[in-house]
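Engineer: Let me begin by handing over the structure; questions about it come next.
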Amino acid sequence: MNPAPIGTLPRFLVTSARRSFLEMGMAAKNWNRPSPWLWLWLWLWLSSPQLAQAQAGSLGGIGAPGEDGLIDRVVAIVGDSAIFYSQVAEQVVRLQASGLELPEDPAELNELERDVLDEVVNQMLLLNAAAQDTLINVPEGQLEQEVELAWQDVVARFGSEISTARALEAEGLTMAEYRATQREEVHKSLLLERYVQARRGEGRVLPVEERAMREFFDLERENLGERPATMTFEQVVIGPRPSDSVRAQAREEALEIRAQLDSGEDFAELARRFSDDPGSAQRGGELGWVRRGVMVEEFEEATFRLGRRDISDVVETNFGAHVIQVEQIRGAERLVRHILVAAESTIADFDVARQRAQEIREAVEGGVPLESFLDEGEEIGLPHPMTLTLDQLGQFPAALSAALGTAEEGAVLGPIEVEGQPGQPSFSVVQVQEIREAGELTFEDLRDQIRQVLQDQQFQNQLYERLRSELYVEIRW
């Protein structure tokens, strides 16, 4: 099964195993040797505006630009752009603000600064390449959403907008000035993310050897901290399926929209007026760049049969009737818009789904593996099975979170009513497979994440090496 088009899935939980794994490395408080965690930490800081300048600028330690009589100098040339020592110092201050304890030994501090310079050079190489790639763009809707989330994060750090404004004022910044800078940094971050994702698959990433993975784990063992208490569970989510008559009505409405497109109407405007997909309608139906394996089968097959600027016939999925347009083609990716006419379920359909969920629970309690019913369930974009910390359970819908929070190992739960599409509940059946107490992290706990981190390092190194061969780089450290 494949996930549904963006915006049509139950928003149970958004997770990123790689990001949570990186955050484990951020617990390190001492820098005494080059560490893979440091490079990953730097990558997060250099490509995202997660710390307000007011926080970083108030710290001592290594001098921020212009402090203590610091004379700025050029430390690198990338293409026709110069990188100054003050830029490196600013990034080191940000790292210190985030909790990294700087080395007291001048030689080690110099080595840290040199490593930061390498990452600044790498970021500039990526930005230069992304700016020249005319197929890389950041949808305005996504940018605005991410800017608002970043701003809320900053406000949360200071407690309120009033406190944030005071902190910024102390640093000589107005809220308008800071938000303009923040918007620029978020745009840069999203641009880099899209460029790097577009380049994945172009290089040859070799398999990661077991020895390298264990060496990585041994090197970072002291920085990993304690493994939190976790719960591993499997779930199947049974959603109501609309009747044939409802689906036929949705198809007729989609055919009318398709006829308007044939008469010359603008696709984006019709999407804003008629699409029932809350995640894309206000963006003119834009789903962004997609690859195979991220959409439901019928939608995907229709999409990858289309040429540039082509518009599909009406395509039916579990969510209703779609009209699809491919705006651009880039290798294995398609820039896609769609209009969804939802096939909404009735109360009778909900009753059927609830009854089926109850039947599945009884079968699982009788010894039938829950995984044998996964094909019946909705694709919710989460792994099977799933392991979460007990704290993360709170990110699920309230009813599901409450049931899991008091469950014992081996318990079968459900049907639990959870929100699917707006106003259309689904029913979850859950089997708790394992509950682990907090304890020391083991290699087996982190095997998959370590493999992913090392493969990402390999990919990034290949990308940097290629970009450095294409653009003039001179280090003047």
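Engineer: Express the relative contact order of the stretch 87-208 as a whole percentage, based on alpha carbon pairs under 8 Å and six or more residues apart in sequence.
Structural biologist: Values: 51 pairs, mean separation 34.7, N = 122.
Relative contact order, the stretch 87-208: 28 percent.
Engineer: From the mean inverse distance of alpha carbon pairs (Kirkwood) and the Cα radius of gyration, derive Rg over Rh for the stretch 245-342.
Structural biologist: 0.93
Engineer: Please state the relative contact order of the stretch 245-342 as a whole percent: Cα pairs under 8 Å, 6+ residues apart?
Structural biologist: Dividing the mean separation by the residue count of the stretch 245-342 yields 33 percent.
Engineer: Order these peptides, 293-306, 270-283, by their mean beta-carbon neighbour count within 10 angstrom, highest first.
Structural biologist: Sorting 293-306, 270-283 by mean packing, highest first, produces 270-283, 293-306.
Engineer: Let me ask something else. Among Thr387, Thr134, Thr230, Thr442, which comes first, second and so on when ranked by fewest other beta-carbon atoms within 10 Å?
Structural biologist: Numbers: Thr387 15, Thr134 7, Thr230 19, Thr442 12.
Taking fewest neighbouring Cβ atoms as first place, the list is Thr134, Thr442, Thr387, Thr230.
Engineer: If you don't mind, another one. In vacuum, with every alpha carbon of the stretch 142-272 counted as one equal point scatterer, what does the Debye formula give for log10 I(q)/I(0) at q = 0.19 Å⁻¹? Two decimals, please.
Structural biologist: For the requested q values the scattering log ratios are -1.08.
Engineer: Which of the GluC sites (Glu not before Pro) found in the stretch 152-218 are in a DSSP loop and have at most 16 neighbouring Cβ atoms, other than their own, within 10 Å?
Structural biologist: Details: sites: Glu161, Glu169, Glu171, Glu177, Glu184, Glu185, Glu193, Glu202, Glu209, Glu210, Glu215; in loops: Glu171, Glu202, Glu209.
In loop regions of the stretch 152-218 (DSSP not H, G, I, E or B), the sparsely surrounded GluC sites (Glu not before Pro) are Glu171, Glu202, Glu209.
Engineer: Counting other C-beta atoms within 10 Å, which of Val323, Val208 has the fewest, and how do the rest follow?
Structural biologist: On the way: Val323 27, Val208 17.
In increasing order of surrounding Cβ atoms, one gets Val208, Val323.
Engineer: Return the Rg/Rh ratio of the stretch 259-404 with Cα-based radii and a Kirkwood Rh.
Structural biologist: Result for the stretch 259-404 is an Rg/Rh of 1.05.
Readers should treat all values here as calculations from the given coordinates under stated rules, not as data from a laboratory. Model, not experiment: these values are computed from the prediction. Cβ atoms come from the backbone with ideal geometry, glycine included; neighbour counts cover every protein chain shown.
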